[in-house]
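The structure appears right after this line, and notes come after that.
The values are calculated or read from the model by the stated rules, or taken from the named source; none is laboratory data. What you see is a predicted model; the values in this text were computed from it and never measured. Here the Cβ is made from the backbone with ideal geometry for all residues, glycine too, and neighbour counts use every protein chain on show.
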Amino acid sequence: MQAAAREIESLRLQIAHHDYRYFVLDDPEVPDAEYDRLMRRLRQLETEHPALVTPDSPTQRVGGRPLDKFQEVRHLSPMLSLENAFSSDDVRGFDRRIKERLETGDDLMYACEPKMDGLAISILYEGGVLIRAATRGDGITGEDVTQNVRTIRSVPLRLQGVGWPARFEARGEVFMPVDGFRQLNAQAEASGEKTFVNPRNAAAGSLRQLDSRITAARPLEMIFYGLSAEDETGLPQTHSGRLEAMRKWGLRPSAEACTRLGVEEVLRYHDDMATRRSSLPFQIDGVVYKVDRLDLQRQLGFVSRAPRWAVAHKFPAEEELTIVRGVEWQVGRTGALTPVARLEPVFVGGVTVSNATLHNIDELRRKDIRVGDTVIVRRAGDVIPEVVSVVSDRRPPGAQVVEMPECCPVCGSGIERGEGEAVARCSGGLFCQAQVKESLRHFVSRKAMNVDGLGEKLIDQLVDRGLVSSADGLYRLDIEKLADLDRMGEKSAAKVIEALEASKDTTLERFLFALGVRDVGEATARGLANHFGSLGALMEATEEQVQQVRDVGPVVAGHVHAFFAEEHNRQVIQRLVDSGVHWPDVERPEPVSSPLSGKTIVVTGTLSSMSREEAEALVRKLGGVASSSLSSKTDYLVAGEKAGSKLAKAEKLGVDILDEQGFLQLASMQASDLNH
């Protein structure tokens with residue numbers, strides 16, 4: 001047994017070494033036949049000595065028994081999305097905003113890498129061993145796909161080398177190489193099975209198989225682009241440095257990853273990758289730029305769920321010609337009317353497109369789109385189909401001009417359009433079934449109340465049959481009512497009721513987002529929850545008090561105040577609470593009375609006793625509003641060393657300027673008293 005254990009460990013180390021040479025360094029040392037011989041010998045020994053089989057053995061990539069469903073897991077830290085840039089000017093604007101925030105005119109070093117067209121995955125390693133793998137999901141929680149990811153040979157089950165954190169998540173993209181995709185489709189076609197549309201579709205479908213043995217048979221690979229660790233002690237302090245460290249641990253970054261100094265060099269990288277795009281062994285839909293220094297990343301921070309220090313520069317979308325067969329008007333949950341072009345189906349960017357948004361009546365008129373026109377259609381950002389322009393010389397006689405409807409196409413109510421607004425809205429409110437349906441779909445969505453099983457068609461039936469007219473009605477449903485609907489039975493109905501019951505235990509920010517207040521997205525809902533702490537405090541707040549929430553302007557504050565002032569909305573909220581919907585109040589510090597209370601303060605330059613982030617935290621702790629933008633409404637500018645352009649702007653606007661000592665005195669604190 002001891003001799004077998006020693007040989008097994010030696011074989012595993014050899015196989016891991018050859019995997020590293022093959023997948024990470026792209027420099028194999030032995031032919032496939034030798035690799036296969038090592039693997040056969042390892043399987044033989046593990047068959048003879050099953051007690052010596054460990055989860056991280058390379059023989060354990062074959063897949064396990066099928067799952068009933070994927071479990072939901074929470075990431076160590078949020079998996080962020082990226083803002084998109086579609087032109088060189090967009091990227092220059094991104095670079096300019098970063099320099100303004102950092103108050104520097106020097107060129108910045110950017111880490112550049114291809115944007116893989118695959119599925120984002122986060123893998124948890126503990127003690128160097130793969131413990132869990134999860135999809136991005138909503139960025140906070142994802143689906144546990146550990147069993148499937150373990151089958152991917154380019155994902156190490158155990159890390160090599162030294163220096164990796166004791167517990168961390170490695171982030172990357174699972175994809176299917178172009179050659180593997182072609183072979184998979186050829187096999188499917190030969191056996192009469194359905195083929196995949198594109199490699200991304202194939203990778204996503206393969207990774208979400210409940211039977212991991214199917215995943216194991218698919219040619220999936222993974223590229224890593226970052227990590228999130230609980231303890232970052234000893235890790236490199238640049239993004240590029242961390243990629244190199246990950247490479248040494250066996251986590252393969254892109255071979256195309258590099259650093260470039262300044263925005264013009266970054267754009268040259270984009271052009272080079274665009275030229276080589278068709279010859280790469282995998283599909284990409286753009287490139288990603290990240291500020292390389294991590295201390296600058298921390299200084300720049302985030303907006304909503306996207307970092308300010310990174311951007312995805314997308315390649316030009318694929319375009320095709322088709323014909324507009326009609327234009328219909330869709331009514332959203334806020335009553336907004338959106339014209340949608342019904343198109344002659346056309347294959348664009350890997351999918352068949354038959355509908356495309358026209359945004360609003362002004363956009364429709366600006367492009368002069370008529371029924372019968374031949375138009376150029378593209379998938380903007382390779383995602384959203386849109387009509388780019390009309391091919392004028394192909395316009396047929398009698399092409400029909402599209403007019404704004406005089407009344408709502410769903411409920412017949414009048415159409416309203418505010419002065420200076422691009423969007424027209426149905427005035428029917430909750431009388432309009434379209435608005436009710438859209439508001440309910442929003443209410444039960446994953447990022448809101450997260451009610452699994454309440455899909456679009458089921459909500460249509462509930463509203464059409466008069467069973468539900470507002471969100472609180474969902475919680476008065478029972479199994480008998482649901483089971484009577486089309487394509488429902490007692491078992492399915494019971495699952496929906498169970499999901500509704502589970503959704504009652506939520507958070508204040510999720511509940512606020514679910515209410516569908518106009519212009520209140522996830523970030524604003526979170527800001528409102530954190531600022532007011534309880535729903536009661538928010539419902540009684542004035543517009544001016546709502547404007548004290550960070551990044552909430554007068555327009556959004558007006559929408560929030562008007563929503564909670566409406567008696568119907570207050571009644572719906574009360575019925576939701578009475579039905580059992582609940583959440584813990586947000587913990588907030590005791591209110592303080594200080595010279596900073598209610599004041600808007602901008603901090604700029606370098607302070608000697610604290611960082612800019614700590615100064616802003618102090619402002620908020622003392623009841624003030626810490627803002628990043630300077631205007632005539634700013635009460636104080638705190639100017640440290642090398643204050644830069646904001647100091648000159650404050651002098652021009654007549655904003656009161658404080659040096660560091662003056663700021664501390666105004667806050668009635670000394671630097672030595674600060675508890676960082």
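Quick notes on this structure:
- P55 satisfies every condition listed in (1) without any contact (Cβ under 8 Å) to a residue 12 or more places away in the chain; (2) surrounded by fewer than 14 Cβ atoms within 10 Å (Cβ to Cβ) except (1).
- Condition met for T338 (touching a Pro at 6+ places or on another chain (Cβ under 6 Å) and surrounded by fewer than 20 Cβ atoms within 10 Å (Cβ to Cβ)): no
Matching residues to (1) among the β-branched types (V, I, T); (2) within 26 Å of E72 (Cα to Cα):
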residue: A448; (1), (2): no, yes
residue: G453; (1), (2): no, yes
residue: G466; (1), (2): no, no
residue: S470; (1), (2): no, no
residue: V496; (1), (2): yes, yes
residue: T507; (1), (2): yes, yes
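- Looking only at residues of the range 129-157 that are surrounded by fewer than 19 Cβ atoms within 10 Å (Cβ to Cβ) and over 26 Å from the mean Cα position of the chain (by Cα), we find that the one that is nearest to R242 (Cα to Cα) is V129.
- Number of positions in the range 262-283 that are among the β-branched types (V, I, T) and on the phi > 0 side of the Ramachandran plot: 0
- From A541, A562, A617, A537, residue being within 23 Å of L508 (Cβ to Cβ) and within 27 Å of the chain's Cα centre (by Cα): A617
- Summed over the range 473-500, the residues that are in contact (Cβ under 8 Å) with a residue 60 or more places away in the chain and under 29 Å from the mean Cα position of the chain (by Cα) give a count of 0.
- When T104 is tested against the conditions (1) within 25 Å of V288 (Cα to Cα); (2) within 25 Å of the chain's Cα centre (by Cα); (3) among the β-branched types (V, I, T); (4) surrounded by fewer than 16 Cβ atoms within 10 Å (Cβ to Cβ), the lone failure is (2).
- Single unsatisfied condition, V73 versus (1) surrounded by 14 or more Cβ atoms within 10 Å (Cβ to Cβ); (2) within 32 Å of the chain's Cα centre (by Cα); (3) at pLDDT below 85: (3)
- Spans of helices (runs of 4 or more DSSP H) in the range 440-532 with at least 2 residues under 30 Å from A557 (Cβ atoms): 508-514, 522-532
- When residues of the range 258-287 are limited to those that are small (G, A, S) and touching a residue at least 60 places away in the same chain (Cβ under 8 Å), the one nearest to R378 (Cα to Cα): G286
- Qualifying residues in the range 338-363 (those that are acidic (D, E) and in a helix (DSSP H, G or I)) - the one nearest to Q283 (Cα to Cα): E363
- Here the condition is being farther than 24 Å from A5 by Cβ, at pLDDT below 85, among the acidic types (D, E) and out of contact with any Asp or Glu (no Cβ under 9 Å at 6 or more places or on another chain); of D36, D56, D32, it holds for D32 alone.
- Residue list for the range 333-377, filter: within 27 Å of Q433 (Cβ to Cβ) and among the aliphatic types (A, V, I, L, M): A336, L337, V340, A341, L343, A356, L358, I361, L364, V371
- Listed by position, the strands (runs of 3 or more DSSP E) contained in the range 97-173 that have at least 2 residues being charged (D, E, K, R), in the same structural domain as L210 (by TED's automatic domain parsing) and at pLDDT 90 or above are 109-116.
- The residue of the range 160-183 that is farthest from S81 (Cα to Cα), among those that are aliphatic (A, V, I, L, M) and surrounded by fewer than 22 Cβ atoms within 10 Å (Cβ to Cβ), is V162.
- Looking across the range 188-219, the residues that are over 23 Å from the mean Cα position of the chain (by Cα), under 19 Å from V149 (Cβ atoms) and part of a loop (DSSP other than H, G, I, E, B) come down to L210, D211, A217, R218, P219.
- Criterion: crowded, with 16+ Cβ neighbours inside 10 Å, in a strand (DSSP E or B), over 29 Å from the mean Cα position of the chain (by Cα) and of a type outside the set (S, T, Y) - qualifying residue of V324, V387, V377: V324
- Selection status of T524, surrounded by 15 or more Cβ atoms within 10 Å (Cβ to Cβ) and touching a strand residue (DSSP E or B) at 6+ places or on another chain (Cβ under 9 Å): no
- Of all the criteria given as (1) over 30 Å from A514 (Cβ atoms); (2) exposed (fewer than 13 other Cβ atoms within 10 Å of the Cβ); (3) without any contact (Cβ under 8 Å) to a residue 24 or more places away in the chain, the one not satisfied by G414 is (1).
- Hits in the range 268-308 - residues which are part of a loop (DSSP other than H, G, I, E, B) and either of a type in the set (K, R) or buried (at least 17 other Cβ atoms within 10 Å of the Cβ) (or both): F282, Q283, D292, R305, R308
- Those helices (runs of 4 or more DSSP H) of the range 548-660 in which at least 1 residues are at pLDDT 90 or above and among the polar types (S, T, N, Q), considering only elements entirely within it, cover 567-578.
- Out of G250, G286, sole residue that is within 23 Å of the chain's Cα centre (by Cα) and on the phi > 0 side of the Ramachandran plot: G286
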